[in-house]
Amino acid sequence: MGLYAAAAGVLAGVEKRQGSIKGLVYSSNFQNVKQLYALVCETQRYSAVLDAVIASAGLLRAEKKLRPHLAKVLVYELLLGKGFRGGGGRWKALLGRHQARLRAELARLKVHRGVSRNEDLLEVGSRPGGVSQLPRFVRVNTLKTCSDDVVDYFKRQGFSYQGRASSLDDLRALKGKHFLLDPLMPELLVFPAQTDLHEHPLYRAGHLILQDRASCLPAMLLNPPPGSHVIDACAAPGNKTSHLAALLKNQGKIFAFDLDAKRLASMATLLARAGISCCELAEEDFLAVSPSDPRYREVHYILLDPSCSGSGMPSRQLEEPGAGTPSPARLHALAGFQQRALCHALTFPSLKRLVYSTCSLCQEENEDVVRDALQQNPGAFRLAPALPAWPHRGLSTFPGAEHCLRASPETTLSGGFFVAIIERVEVPSSASQAKASAPECTPSPAPKRKKRQPKAGAGACTPPCT
């Protein structure tokens, strides 16, 4: 099934209440789920605008075999998307017959509403505001390449590398074909907003991972050394798992659990593309995993990113209207599950460090869950400080909450996020290694801006082109 037909199918399923956008995308069997998800979300966001343009242009009357949802996807691509660059097949030819009329109707709609930009046609609740201007963050997959080689590759494509950013203002100012290294995150490149790399050869080859800035925090702060055994408790779709594998250098073991078989299948594809060989996937409820199982006696690190309201994700509004303000009943249910998962994770006997994270803005799912878990384990665990330069801290709801990290489009140029590092106060006697401490995460040296001279015998980094 092609991209446009798959997108039309997802939109039809959402309208019939067969599932959420994300769930239907994962069950579509379309290989590039991120590309499909992005197209569906943008088409849905402009749905009312597209309906008006299609009706005014008489497209469905002229093309009686064209189904409404497919028409909406195609008109989005023609007028607001990529314009069928490098593809489109028969749909490009079909829309080409109506292109002039469709463009004229879009222009007429702007005049009628007194606006000049496409985004100004959106209803206030659908406008992206600052969110649409968030930079594109790209994590270099160090299992396959290194930052120097990726930077050189983009420079050969005509991009201008500006070195490591000194502040968030540098990221906000990015335009055109300029890119930077994130000021705090190792191996995280930053491109201007709306830069589309889904079809880029480095992404398709697994050398790049498209990942939000805040989403890179959990694995980076867990920081398991190579050779460690790690549990990723709620692992799909797999970006954080792939980050853990890169930090482990594919040495050691990741036990990754998730209950959704389809999401696990997509995750397996992502991990294979990224060259990951140290991960064991299991379709299993983490709450049913026994801490006394001998397989997990060497697990010293756990990443727990449980199901949450997603109130920090702008795209969630498209899937579930009102998701930004979940009901008290839903928050209570989610927080109950999150607390059970966190308390269960803290019972693993050899655990040294755990990172708890959500993409929620709600105190009930964040500080409250962490506070209650610590209170149920008095004296056994503590919140570890991390990233003192991070500007957005946890809400001051209990002593030490300032050690937690929060993120938002306004303060950190990322989606809404929460992260807490929990460490065991005393290392259990079964683990004789020195006590682990929270990583300081000092930024690694930035790739140099000047053109690199080839060195004979240099083999520290594999070339990004394979």
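The values are calculated or read from the model by the stated rules, or taken from the named source; none is laboratory data. Just so it is clear, the model here is predicted, and its values are computed rather than measured. Cβ: placed from backbone, ideal geometry, glycine included. Neighbour counts: every protein chain shown. Surface areas here come from the heavy atoms of the whole protein model, side chains and all, with no ligands, DNA or RNA. Shrake-Rupley method; radii C 1.70, N 1.55, O 1.52, S 1.80 Å.
Overview of results
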{"quantity": "Inter-residue pairs, beta-carbon under 7 Å, first surrounded by fewer than 20 Cβ atoms within 10 Å (Cβ to Cβ) and in segment 96-107, second of a type in the set (Val, Ile, Thr), 6+ apart", "calculated": "none"}
{"quantity": "Near pairs, Cβ below 6 angstrom, 6+ apart or cross-chain, from segment 118-144 (within 18 Å of Pro183 (Cα to Cα)) to any residue that is modelled with pLDDT of 50 or more and among the aromatic types (Phe, Trp, Tyr)", "calculated": "Arg136/Phe191"}
{"quantity": "Tally of residues being among the aliphatic types (A, V, I, L, M), open to solvent by 50 Å² or more (accessible area, probe 1.4 Å) and farther than 25 Å from Phe337 by Cα across segment 269-287", "calculated": "1"}
{"quantity": "Some residue of segment 139-148 being of a type in the set (S, T, N, Q) and within 30 Å of His344 (Cβ to Cβ)", "calculated": "no"}
{"quantity": "Any chance Arg382 is out of contact with any Ser or Thr (no Cβ under 9 Å at 6 or more places or on another chain) and at pLDDT 95 or above", "calculated": "yes"}
{"quantity": "Pair list, Cβ under 7 Å, 6 or more apart: segment 9-21 residue farther than 15 Å from Thr43 by Cα, other residue among the aliphatic types (A, V, I, L, M)", "calculated": "Gln18/Leu24"}
{"quantity": "Positions within segment 409-426 being part of a loop (DSSP other than H, G, I, E, B) and surrounded by fewer than 17 Cβ atoms within 10 Å (Cβ to Cβ), in sequence order", "calculated": "Val425, Glu426"}
{"quantity": "One residue from Ser266, Ser315, Ser290 being in contact with a Phe, Trp or Tyr (Cβ under 9 Å, 6 or more places away or on another chain), modelled with pLDDT of 95 or more, of a type in the set (Gly, Ala, Ser) and open to solvent by less than 60 Å² (accessible area, probe 1.4 Å)", "calculated": "Ser290"}
{"quantity": "Number of positions in segment 118-137 that are modelled with pLDDT of 85 or more and either open to solvent by 50 Å² or more (accessible area, probe 1.4 Å) or part of a loop (DSSP other than H, G, I, E, B) (or both)", "calculated": "3"}
{"quantity": "The listed residue being among the hydrophobic types (A, V, I, L, M, F, W, C) and under 19 Å from the mean Cα position of the chain (by Cα), out of Leu39, Leu66, Leu50", "calculated": "Leu39"}
{"quantity": "Selection count, segment 13-45, where residues are part of a helix (DSSP H, G or I), of a type in the set (Gly, Ala, Ser) and farther than 22 Å from Lys82 by Cβ", "calculated": "2"}
